[in-house]
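These notes concern the structure reproduced below.
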Amino acid sequence: MRRLIPALLISAIAFTHNARAEDTLNPPHWQSQGTFGSYDKAALQRGFLVYQTVCAACHSANALHYRDLTALGLTTAQAADIASSVKLATGPATLDDAFKNPFPDPQTAATAFAGAIPPDLSTIASARPKGTEYIYNLLTGYATAPDSMTLMASHYYNTAYPGEQIAMPPPLKDDAVSYADGTKATVAQEASDVAAFLTWSADPNLDARHAIGLRAVLFLIFLTILAIATKRKIWRGV
Amino acid sequence: MTEQTKPWLESRLPIGQAFRTHIRDLPLAHDRPYLAALGTLITATVIFLLLSGFVLSLYYVAVEGEAFASIQFITRGVNDGWLIRSFHACGTTMLFGATYLAIFRALLTGAYRLPGELVWILKLVFLLLILLIGYLGYALIDGATSYWSLHQATTAGGMLSGFPGAISNWFFGGPAGPGTLPRLAVLHGLLTFICLGVLVLHYFAKRAIATIPAKTVNLHPHYTSHHFVAFAVFGLIFAVLVFFAPHLGENPLNAVAANPLVVPAVVTPPWYLLPAGAFAGALPGTMGGIIAFIAAFAVLFAVPWLDRSKPGALPSGTYKTLTFILGLDVIALSLTAAAGPSAISAILTIIFTGWYFLHFLVLTPLVTAGETK
């Protein structure tokens, strides 16, 4: 008992410390993935830039609002600036507007892309097994098709996509965006950052969930120990 | 105490008397295992689900095409909405976990044996009810697999004729349309109250057949401290789920809004509906599925009479081993259903379902016949 509590505290501190580290590219690793992980906000901001510059041209993210961007570490004024730079049918977007949908309805999108509808990206990271890695692998998975394979019309070879043929053309290229923090915008870096951003989009409460969860679980372990001790004392001699 | 000196309320509505008679002064056994607290935990969880479900219903929009977005709003735009939603989802997991465990324990210990047959039947009625409520809750999410599961169910139900068709029509209100989700939302909440009623009946049925223990302890502090441990451990498992695995046992494909134009690759339900879904998929066609499901429950209801043991006999080692194998069989069957349809899973489903019926219809009568007191 006396040894257990300091051990729990030390592991708690070790875990929270670990959670402050950054996402890395080599090997691809996202801080949000550990049991007690949290988001690398710099990576989220870079990922939003990639999303806004590249993905948003074809994909919607209906569950997101411009006000949510403050969760990436932006100030309300910065989020409002980003919103006002987006032109909606009703005029410039405000903080309470949902992210702009590039197409008025799925039929228009289907017409524009020969029947393939770009999926909504709000929750895509939770809708695929190992979503974060999947997005990264998909965006970096374009290659020349092997000779034995015949691609369907307007499809591209991709090692990560089920069936290895995808209707989405390679979206990323080196220096597609220019990062404010000076990070070199390689395809892998952009893919890693946008994977982090979409993971946040699908699970925006992860930081709070893990922070509260750690305390709740430690408390309940302590409570369980107390409960067992109480029960044993009361039932002694029964 | 005379009528004159009794407090005003107690002399008109004897709540205190009822509490003393039915809870406080019961002869409580001194050798109570922790698993015996499952009934209290299940009751507490149902009440917890009612409360969290009530809060969710304040923001949930029961309209096809808008329901999914309203849940997204709850988890993103409502203060602590994500927490309440996880409470409700993981509370469901805890409820089913505890109920499956309680039913398995009743099978293992032979608690269903006469005169325990009514207690056993009430357990099964409760399981049937929460399966139905769980399915309704899953349909209310209106994600991709929820939507297609509901549409497949109502379409198949609509093709039935006679009594099964009437039941389906009464329940779903015809093919899935604008009226379906509001209807299911009401049933989802209403049936939960009936569930609580079944728990009360179960409590009294169990009391009626309880034997008076040789050595007893008090409700307080003995049973309260005993329950304190059970609740702390239960709460700990619950917290781990809520904060570190809130989507355990869900099909990831249900994490996107339903698209009426795209059928998901695999329409599998959450883990707690998998055993029921697996039985329903064991025979081809809608009527086949219904017959297989009813048969799977019918043998469970018939267990007290399939069991040929002498009155008062305790389950033998062979019987217990077979019951553990049955538990593994149902888990294997559920995992097969989760993997989605394929040639191998079709064969495995037949094998696992076959073993299930073999266990109850052949092995249980054979093995228990030799058990004596």
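How big is the dipole moment of region B:25-260 about its Cα centre under a simple scheme where the beta carbon of each Lys and Arg is +1, that of each Asp and Glu is -1, and everything else is neutral? Debye, nearest 20, please.
560 debye
Quick one: work out Rg over Rh on the C-alpha atoms of region A:94-223, Rh as Kirkwood radius.
1.07
Just to confirm the number: angle between the C-alpha axis of helix A:41-53 and the first principal axis of chain A, 0 to 90 degrees, nearest 10?
20 degrees
Extending each Cα 7 Å along its Cβ direction at B:Arg105 and B:Phe163, get the distance between those two points in nm, one decimal.
3.6 nm
Check cross-link reach from A:Lys233 to the aspartates and glutamates: straight Cα distance under 20 Å, and skip same-chain residues fewer than eight apart.
Counting by Cα, and skipping residues close in sequence, A:Lys233 has these aspartates and glutamates nearby: B:Asp31.
Over all directions, average the projected area of the Cα convex hull of region B:114-186 and note it in nm².
Mean projected area of the Cα convex hull: 5.9 nm².
Give me A:Ile212, B:Ile167 sorted ascending by neighbouring Cβ count inside 10 Å, so fewest comes first.
Ranked by crowding around the Cβ, least crowded first: B:Ile167, A:Ile212.
Can you tell which of B:Tyr272, B:Tyr100, B:Tyr138 shows the greatest fluctuation in a Gaussian network model of chain B with Cα springs below 10 Å?
In this elastic network of chain B, the residue with the biggest mean-square fluctuation among B:Tyr272, B:Tyr100, B:Tyr138 is B:Tyr100.
So which residue, out of B:Ile121, B:Ile351, B:Ile15, gets the largest mean-square fluctuation from a GNM of chain B using Cα contacts under 10 Å as springs?
It is B:Ile15.
With point charges of +1 on the Cβ of Lys and Arg and -1 on the Cβ of Asp and Glu, referenced to the Cα centre of the protein assembly as shown, which listed residue (A:Ala56, A:Thr140, B:Gly110) lies farthest in the positive direction of the dipole?
My answer, from the dipole projection, is B:Gly110.
How compact is the protein assembly as shown by the rule of thumb for globular proteins, expressed as Cα Rg over 2.2 N^0.38 Å?
With N residues counted in the protein assembly as shown, Rg over 2.2 N^0.38 Å equals 1.12.
Multiplying the sequence separation of A:Thr94 and A:Asp174 by 0.36 nm and subtracting their Cα-Cα distance, what value in nm do you get?
Length gained, A:Thr94 through A:Asp174: 25.7 nm.
Are there DSSP H segments in chain B that both extend 20 Å or more along their axis (alpha-carbon positions) and score a mean Kyte-Doolittle hydropathy of at least 0.0? List them, or say none.
Those that pass (Cα extent of 20 Å or more, hydropathy at least 0.0) are B:38-57, B:81-109, B:117-140, B:180-209, B:224-244, B:285-306, B:317-338, B:343-358.
Once the other residues with Cβ under 15 Å from the Cβ of A:Ile124 are scored (Lys, Arg +1; Asp, Glu -1), what is the net sum?
Net charge around A:Ile124: -1.
So what's the net charge close to B:Thr99: Lys and Arg +1, Asp and Glu -1, counting the other residues with Cβ under 14 Å from its Cβ?
For residues surrounding B:Thr99, the net value is +2.
Round to the nearest 0.05 the FRET efficiency obtained for A:Asp181 and B:Ser57 when R0 = 30 Å and r is the Cβ-Cβ distance.
It comes out at approximately 0.10.
Could you tell me the largest-minus-smallest coordinate of the C-alpha atoms of region B:25-260 on each of the three principal axes, in descending order and whole angstroms?
Computed over region B:25-260, the largest-to-smallest principal extents equal 63, 48, 26 Å.
Can you tell me the dipole magnitude for the protein assembly as shown around its Cα centre, using point charges on the Cβ only (Lys, Arg +1; Asp, Glu -1), in Debye to the nearest 20?
3000 debye
Give me a single rounded figure for B:329-335: the average over its residues of other chain Cβ atoms within 10 Å of their Cβ.
0
Quick one: grab the alpha carbon gyration tensor of region B:190-330, order the square roots of its eigenvalues as a ≥ b ≥ c, and give me rounded if a/c is under 1.5, else prolate or oblate depending on whether a/b is larger than b/c.
oblate
Arrange the following residues from fewest to most other Cβ atoms within 10 Å of their Cβ: A:Asp68, A:Asp174, A:Asp147.
A:Asp147, A:Asp174, A:Asp68
Just tell me how shielded B:64-76 is by partners: mean number of partner chain Cβ atoms within 10 Å of each residue's Cβ, no decimals.
2
Where the centre of each part is set by its Cα atoms, how far does region B:282-328 sit from region A:96-150, in angstrom?
Between the Cα centres of region B:282-328 and region A:96-150 lies a distance of 47 Å.
Which residue, A:Ala93, A:Ala191, A:Ala216, has the most motion in a Gaussian network model of chain A that connects Cα atoms within less than 10 Å?
Of A:Ala93, A:Ala191, A:Ala216, the Gaussian network model singles out A:Ala216 as fluctuating most.
So for region A:56-175, averaging the separation of alpha carbon pairs under 8 Å that are six or more residues apart and normalising by length, what relative contact order in percent results?
Worked out over region A:56-175, it gives 21 percent.
In nm², what is the average projected area of the convex hull enclosing the Cα atoms of region A:4-235?
Over all viewing directions, region A:4-235 projects a mean Cα-hull area of 18.1 nm².
With contacts defined as alpha carbon pairs under 8 Å and 6 or more residues apart, what's the relative contact order of chain A in percent?
That works out to 23 percent.
Using a 10 Å Cβ count of at most 16 others and DSSP loop calls, identify the longest part of chain B lacking such GluC sites (Glu not before Pro).
Between exposed loop sites, the widest span is B:67-373.
In 5 Å bins starting at zero, report the fraction of Cα pairs in region B:28-146 per bin as a rounded %.
Histogram of Cα-Cα distances, whole percents per bin: 2, 10, 18, 20, 16, 11, 9, 7, 5, 3, 1, 0.
Residues of region B:236-279 with backbone nitrogen within less than 18 Å of a virtual label 7 Å along the Cα-to-Cβ line of A:Gln107, please, listed as ranges.
Of the residues in region B:236-279, B:259-262 have backbone N under 18 Å from the label point off A:Gln107.
Taking the Cβ of B:Gly137 as the centre, find all other residues whose Cβ is under 15 Å away and add up their charges (Lys, Arg: +1; Asp, Glu: -1).
Surrounding charge for B:Gly137 is 0.
Can you list residues from other chains, or at least 5 along the same chain, whose modelled amide H is less than 5 Å from the amide H of A:His65?
Long-range HN contacts for A:His65: A:Phe99.
Going Cα to Cα from A:Lys87, which lysines come in below 19 Å? Please leave out same-chain ones fewer than 8 positions away.
Here the lysines satisfying the reach criterion relative to A:Lys87 are A:Lys100.
Hey, fewest Cβ within 10 Å first, where do B:Val233, B:Val330, B:Val362 land in order?
Least crowded to most crowded, the residues run B:Val362, B:Val233, B:Val330.
Any read-out appearing in this document is the output of simple, stated calculations on the displayed coordinates, not a laboratory observation. Keep in mind that what you see is a predicted model, and the values were worked out from it rather than measured. Counting neighbours? That spans all protein chains shown, and the Cβs are built from the backbone with ideal geometry, glycine included.
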